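K.L.:
Can you keep this structure in mind? I'll have questions shortly.
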Amino acid sequence: MGLTVAQDIALVEQLGYTRNDALDLVIRRALVGERDADDDRTGQTTARRRAYLAELRELCLARTA
């Protein structure tokens, strides 16, 4: 199983990025991953991607609120 959004952000923050910059990088990575995954979908992969993107969406909404 892959990392959660929070784990991805924490890893990027360990590289010295601010929380907002880390979130921006994670968003970009997710968008690129979603584009690349379009050609290779399985039920399990799709469910994991949807859960990851839903978590990311919630963080983005919280950031703009």
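Derivation of every value follows stated rules applied to the coordinates shown; laboratory data play no part. Note that this is a predicted model, so its numbers are computed, not measured. Positions of Cβ are generated from backbone atoms using ideal geometry, with glycine treated the same way; all protein chains shown enter the neighbour counts.
K.L.:
So between Leu3 and Arg19, what do we pick up on full extension, going 0.36 nm a residue minus the alpha carbon distance? All intermediate terms of the calculation are to be shown ahead of the outcome.
P.N.:
Working: separation 16, 0.36 × 16 = 5.76 nm, distance 1.69 nm.
Taking Leu3 through Arg19 to full extension adds about 4.1 nm, to one decimal.
K.L.:
What does the net charge come to around Arg19 if you take all other residues with beta carbon closer than 14 Å to its beta carbon, with K and R at +1 and D and E at -1?
P.N.:
Details: positive: Arg63; negative: Asp8, Glu13, Asp21, Asp24.
My count for the surroundings of Arg19 gives -3.
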